[in-house]
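See below for the structure under consideration.
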Ligand code: URA
């Protein structure tokens with residue numbers, strides 16, 4: 001078959017800062033999916049996009065081409081409105097775990113197609129897989145039935161959804177081309193639009209533990225994604241949220257499930273509760289569900305009931321003991337004072353090196369590994385107080401985890417200025 005374009009011409013055009021036509025974009029994504037455009041050609045194009053950017057029209061075309069590379073799901077038959085949440089990824093970000101059952105308990109249906117962790121940010125599926133018996137893979141029919149009965153599903157995205165993104169994301173991961181607004185926005189939004197959710201709330205993380213290190217680039221990513229969603233008929237809003245510090249008091253799979261259970265039981269760390277409730281309110285508003293206050297559903301046990309139903313529906317035992325790591329070591333404060341900084345990236349890398357994350361897609365993760373956080377910015381500490389507990393099954397990992405944490409926190413003289421804000425801005 002003769003091809004409409006030549007890959008080298010498309011790469012050269014973007015290298016030379018030209019706008020790609022709608023036809024060029026549709027062709028290059030489709031030809032990559034058909035394996036006519038080679039990996040090294042797509043890698044070169046991704047780098048040219050990272051360096052030279054894309055216009056809004058090109059990003060919309062790229063997103064559409066990735067949607068068109070696979071199937072689209074349809075939730076129109078459900079009796080409740082659908083709303084999903086997507087986080088751009090952070091350290092200790094377990095929010096999906098309490099949030100999906102909470103929003104379901106308030107009357108919306110939450111189809112949460114999630115991923116596994118890669119690098120220093122954890123994956124929701126890895127966290128839930130620490131619940132004995134729980135399975136991540138569901139057929140489309142099982143997913144629909146669970147959404148109708150329970151109202152919440154967290155499962156693996158099937159391979160039929162935006163397959164072009166699946167390949168491109170793995171390629172970006174090994175070619176230094178992840179941190180590009182056009183590529184991140186089109187990657188996330190192609191999957192969410194293909195998934196067929198009626199409404200979407202984006203949690204765009206800002207800070208050392210996030211892809212977007214500063215507020216301005218996070219705002220640009222948020223605006224781009226909100227426009228893509230709105231243009232596709234999905235009610236979309238974004239919150240920009242703090243990720244300079246890890247969220248909550250744990251980073252690691254079973255550790256984060258335990259903390260989420262505390263939140264569902266009406267307790268848990270303040271920052272996790274605040275963000276869960278803020279996102280739940282946005283989701284219910286975007287879905288058009290009125291009259292339910294998520295804070296009440298957390299306090300009165302309805303969210304916990306919904307969590308138990310969600311876990312049981314996917315083969316999990318909500319009463320089973322969660323795994324714990326075999327070995328622990330502590331990191332202690334070296335001076336009296338106020339903890340003014342605990343770096344999310346350092347904690348994320350430490351948790352990863354302890355075995356909570358993976359370096360390659362096919363690596364296993366340790367369910368019990370990770371970092372427990374005893375002091376958060378704003379807390380007063382005394383010399384010798386534990387700041388962190390490191391957990392792993394394989395103690396030979398401790399030295400590299402300690403190395404990752406070097407320079408990762410600051411204890412200073414002075415008075416506490418309180419906890420930093422979690423929600424920094426809203427776009428939509
Ligand atoms: N998450 C995605 O799904 N894609 C990206 O490019 C970045 C984060």
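For residue 89, the criteria (1) under 30 Å from residue 254 (Cα atoms); (2) at pLDDT 95 or above hold in every case but one, which is (2). Looking at residue 391, is it out of contact with any helix residue (DSSP H, G or I) (no Cβ under 6 Å at 6 or more places or on another chain) and buried (at least 24 other Cβ atoms within 10 Å of the Cβ)? Yes; evaluated as a whole, the condition is true for this residue.
Quick check on the range 297-320. Is at least one of its residues under 30 Å from residue 396 (Cα atoms) and part of a loop (DSSP other than H, G, I, E, B)? Yes - at least one qualifying residue is present in the range 297-320. Here residue 147 fulfils each of the conditions (1) more than 13 Å from the ligand (Cβ to nearest atom); (2) out of contact with any strand residue (DSSP E or B) (no Cβ under 8 Å at 6 or more places or on another chain) apart from (2).
Go over the candidates 183, 161 one by one and state the one that is within 16 Å of the ligand (Cβ to nearest atom) and at pLDDT 95 or above.
On the way: 161 fails: at pLDDT 95 or above.
On inspection, the qualifying residue turns out to be 183.
Candidates 365, 423, 427: the one that is within 23 Å of the chain's Cα centre (by Cα) and at pLDDT below 95 is 365.
Rundown of residues vs (1) assigned by TED's automatic domain parsing to the domain that holds residue 113; (2) at positive phi; (3) within 12 Å of the ligand (Cβ to nearest atom); (4) within 17 Å of the chain's Cα centre (by Cα), yes/no style:
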| position | (1), (2), (3), (4) |
| --- | --- |
| 154 | yes, no, no, yes |
| 204 | yes, no, yes, yes |
| 214 | yes, no, no, no |
| 235 | yes, no, no, no |
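Test each condition in (1) assigned to a helix (DSSP H, G or I); (2) buried (at least 17 other Cβ atoms within 10 Å of the Cβ) for residue 73 and report the one that comes out false. Only one criterion is unmet by residue 73, namely (1).
The values are calculated or read from the model by the stated rules, or taken from the named source; none is laboratory data. Bear in mind the structure is a predicted one, so any value in this text is a computation, not a measurement. Note that we place each Cβ from the backbone using ideal geometry, even for glycine, and neighbour counts take in every protein chain shown.
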